[in-house]
Amino acid sequence: MRSAVSWLAAVVAAIALLVCIVATFATREVFDADRFAAHTEAALRTPAVSEEVARRLTDAVITAEPDLVAVRPLVLGAAEGVVRSSAFGAVVRGSVRDLHRSAFDAEAGTITLTVADTGLLVSEALERLRPDLAARIPDTIRVTLTDTASGPPLELVKAAENVRWLAWFALVVALLAGAAAVLVGPRGERAAAAAGGERAAGGGVPAGGGGWRAGAIRLGAAVAVVAGLAGLAASVGPRVLTGDAAARAALETWLDPLAVRCWTVCAGALLVTTAAASLWRPPLPGTLVAQARRGFERVPPTGRAIVAIAFGVVALAAPLALLRALVMAAGALGILWGVAALLRRVAPPAARSSPAAGVSAPRHPRRVSPRRAAVAAGAVGVAAAALAFALSTSGAAPVKVGRCNGSAALCDRTLDEVVFLGTHNSMSADGEPGWLFAAQNASIAQQLDDGVRSLLIDTHYGFQTPRGVATDLDHDSKSREKITFELGEAFIETAQRLRSRLGFTGDEPREIFLCHAFCEVGATKAVDALEQVHEFLVEHPEEVLILSIEDDTEPQDTARLIRDSGLIHNVYEGPAGPPWPTLRQLIQHNERVLVLIENQPGDEPWMHRQDTVAQETPYAFATPAELAAPDSCAPNRGGDAGSLLLVNHWVDTSPAPRRSIAGEVNASAFLTERLTRCRHERRLLPTIVAVDFYRDGDAFEVVDTLNGLTS
C-alpha cells in the first residue's frame, strides 16, 4: 500500500508540476500583450510565415490597384522586403497589441489581426525601383492576417484569462504531493536497507535510507516521464496538427520554447533520480578537477594535441555556445552532487567494518528524524519547482532596438533624461505653399528627416477657398481673441476684408488647419501634416517624438485629427510623469509620440495637458539681449510643477521671423550658455529646445552635446 501511495503521489506531483509550467508559460507569454506581440513578430520572421504574409500583402495591393497584376513579381519582391523590415515589425507589434486587447474584451465577437500602413511601406520599397508604380499604390492598404469568428476557440481564450491562479495552485499541489512521495516510503524497503547494509556497503552504494531514497527515485522518474512526454508532444505537435507550412512555422515559434522547458525539466528530474538512486557517488569539486587532470595526462601527447586543437576551434567558432554548454554541464553536476549529498545526509549511517571479523556487522538502524526527512523531501521538491519556474518565467526574446533617436546610448535613458530638438511653429516653413512668414527652413517631413524630434504646432478652424484658407473668426474663437490681443481690432477688420478677396462665401465646410493665428497668411491642412509625421514613424520604427499642440480646436476634434492621421497607433498611453519610460520601452511598445495639449486636453488618456507635464521658459523676447538676460529662464506657464522642461529659444520679430537673428541665437556659444543656465536654475535637463530656423546655427550639435553624444 505504501508503495502504491508513493507512486500515486509522485505521478500527481509530476502532473501538477507540468500544469504549473504550462500555466505559467501561458500567463506570461499569452496573456501578456507585449510578450504575445514579441512571439507573433518572431513567427513573422520565419521564412514560411513571411512568404505567406508577403503573398497576402501583394494580393491586397493588386486588389486596390488591379492594373498592377502585370508586374506582380515586382510587387511581391517589394512586399517580401517590407515584411522582413523592422518598420513592418513595429507596425505588427502595435496591431497585435490591439488584437490582444480585443480578444479579452467581453463585447468582442471576432478577433481580427489587421496590419495598417502596409501600402505606405510597399510604396516606399518600390520608390527606388519604379517610382511610377510606387505612386499608384494607396497608402491606406491594410492586410488581414487572421480573422477568427466567435466560437469555442475564442471563448476558450477569454476564459483562460480567469485561470491565472492555476499556476500557484498547481505549484502547491506539486510540493505537497512530491513531499508525500518521498516521505511515504515502504517499510519493506526500509528494513531491507537496514539489514542489507553489508551488501550495500560492499557494492559502493550507501546503506540505509531506502525508504526516502525510493520515494525520491519515484518522484524523479515520474517527473522525467511526464515532462518528457510533454516535451515530445510540444516538439512534434505542429507537424501532426497541420500540414500548412506557415501555420506549422507559427505553431513551432510558440511551442518550441515550451518544449525546451519540458525537456530541461525532464533532464533535471533524471539528475535527481540518479542522485537518489546513488548510482554515482559524486566526488568533491576539487577531487573532480584532480581526476580530470590525471585522466587528461594519461592521454597520449598526440591525442592531447588533437583535443586542444578541437577545443580551440570550437571556442573560436562558437564561443557563446561553448560557454553555455560548460555552464549547463556545471549546473547539472552541481544539482546532482547537491541532491546526492543531501540524501546521504538524512540516510542512516552505513555499517561499520569489524576489524576482527573482517566483515561488516549490521547495526541497528538509527531512526531518521522526521524533521530532517521533511527537510530533504522539501528541498528536493523546492529544487524541482524552482527549476520549473525558472524555465517557465523566462519570457520571449525582447524586441531588438539598436539606435534610439539615432544613438544606442539613448535607448536606456528615460524620456526626461533625453534632449529633443524642437521647432517653433513647425508648420510655418520656407517653400511650403501659401506661407508668407516662414519660421523654419523646411517642411515638417524634412525637419523629421533632418533630426528634429519635437514639433510645436497650432491648430485652428478654417475654410478652404479657391485662393487660400480663411480663418474662422467667430466671436467664440480663440484665434480671434489671440489676434485681437496681439494686433488689435483694426486688424480683424482688415482680415475680414481680405477674406472676401479670397473668395470666401461662408458655405465652405469648416476644417482644421495648422496656422499661426491667422490662416490667410499661411495654412497647412492639419491631417495632411500629421499623416507625414505618421509616415515618418512607420518608416523609422526606432524614433521617439514629442508633439506640442497649441489647440484652437475643441478636444474631440483634436482627438479625431490624431485618429484620422493614423498617428493614434503611435501615441504614448501611459502616465505622464515620473517615472517616465525609457526610449527603448517606448519603441518596444510602439508608443513613440508624447502628445502635449496647451488648452483643452479633453478626456483622452493620451492627450496630456502641457502645463502639468512640462515647465517652460518665457518666449516673448524682442532682442537677442533679452534672450541672454538672467531672467530668461524664469518659470512661465505651468510654474515649476512639471517633470519636463521646454526651453523656448527664439526672438519674436512678428510678423516675419528673421533668419539672421536665428543664426545668432542658435550659435553654439549663445545657445549652450542659455541652456546651461536654465538647466542650473530650473534643476531640470531641457527636454525640448525649441528654435526658429533650425538649420541656422549649431542647434543639432548643442543638443548632441547635452545628450552626451559628442565631446
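The values are calculated or read from the model by the stated rules, or taken from the named source; none is laboratory data. Owing to the predicted nature of the structure, the values given are computational and were not obtained by experimental measurement. Please note: Cβ atoms are built from the backbone with ideal geometry, for glycine as well, and neighbour counts cover all protein chains shown. These accessible areas exclude ligands, DNA and RNA; they are computed on the full protein's heavy atoms, side chains included. Shrake-Rupley method; radii C 1.70, N 1.55, O 1.52, S 1.80 Å.
At a glance:
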read-out	value
Helices (runs of 4 or more DSSP H) enclosed by region 1-106 - at least 3 residues per element that are surrounded by 19 or more Cβ atoms within 10 Å (Cβ to Cβ) and not aliphatic (A, V, I, L, M)	2-29, 33-44, 47-64, 86-103
Region 562-613: number of residues that are part of a strand (DSSP E or B) and among the basic types (Lys, Arg)	1
Qualifying residues in region 564-601 (those that are polar (S, T, N, Q), open to solvent by 20 Å² or more (accessible area, probe 1.4 Å) and at pLDDT 90 or above) - the one nearest to LEU415 (Cα to Cα)	THR582
Residue in region 626-637 that is open to solvent by 10 Å² or more (accessible area, probe 1.4 Å) and either of a type in the set (Ser, Thr, Tyr) or closer than 27 Å to ALA38 by Cβ (or both) present	no
Residues satisfying the stated conditions in region 443-467, i.e. open to solvent by less than 10 Å² (accessible area, probe 1.4 Å) and among the hydrophobic types (A, V, I, L, M, F, W, C)	LEU448, VAL452, LEU455, ILE457
Flag for LEU121 being under 29 Å from VAL30 (Cα atoms), at pLDDT 75 or above and in a helix (DSSP H, G or I)	yes
Every residue from region 538-573 that is hydrophobic (A, V, I, L, M, F, W, C) and touching a His at 6+ places or on another chain (Cβ under 6 Å)	LEU567
Matching residues in region 248-257 - criterion: being open to solvent by 20 Å² or more (accessible area, probe 1.4 Å) and not hydroxyl-bearing (Ser, Thr, Tyr)	ARG248, ALA250, LEU251, GLU252, TRP254, LEU255, ASP256, PRO257
Cβ pairs under 7 Å, 6+ apart, first in region 113-132 and under 12 Å from GLU539 (Cα atoms), second among the acidic types (Asp, Glu) and open to solvent by 10 Å² or more (accessible area, probe 1.4 Å)	GLY119/ASP139; LEU120/ASP139; LEU120/GLU535; SER123/ASP139; GLU124/GLU539
ALA134 vs. criteria open to solvent by less than 60 Å² (accessible area, probe 1.4 Å) and at pLDDT 70 or above	yes
From the options ALA379, ALA408, ALA383, ALA396, residue that is surrounded by fewer than 22 Cβ atoms within 10 Å (Cβ to Cβ) and modelled with pLDDT of 90 or more	ALA408
Filtered residues of region 443-476 (kept if closer than 16 Å to VAL593 by Cβ, in contact with a strand residue (DSSP E or B) (Cβ under 9 Å, 6 or more places away or on another chain) and among the small types (Gly, Ala, Ser))	SER454
Check on THR114, at pLDDT below 80, touching a strand residue (DSSP E or B) at 6+ places or on another chain (Cβ under 6 Å) and open to solvent by 30 Å² or more (accessible area, probe 1.4 Å)	yes
Region 42-63 residues that are farther than 15 Å from LEU120 by Cα, paired with ones that are of a type in the set (Ser, Thr, Tyr) and outside any helix (DSSP H, G or I) (beta carbon under 8 Å, 6 or more apart)	ARG56/THR144
Qualifying residue in region 160-173 (condition: of a type in the set (Asp, Glu), at pLDDT 55 or above and open to solvent by 50 Å² or more (accessible area, probe 1.4 Å))	yes
Subset of region 276-309 (residues that are modelled with pLDDT of 75 or more, touching a helix residue (DSSP H, G or I) at 6+ places or on another chain (Cβ under 8 Å) and not in a helix (DSSP H, G or I))	VAL299
Whichever residue in region 514-561 is aliphatic (A, V, I, L, M), assigned to a helix (DSSP H, G or I) and touching an Asp or Glu at 6+ places or on another chain (Cβ under 9 Å) and, among such residues, is most open to solvent (accessible area, probe 1.4 Å)	VAL527
Residues that are over 18 Å from LEU456 (Cβ atoms) and small (Gly, Ala, Ser), drawn from region 657-700	SER660, GLY663, ALA667, SER668, ALA669
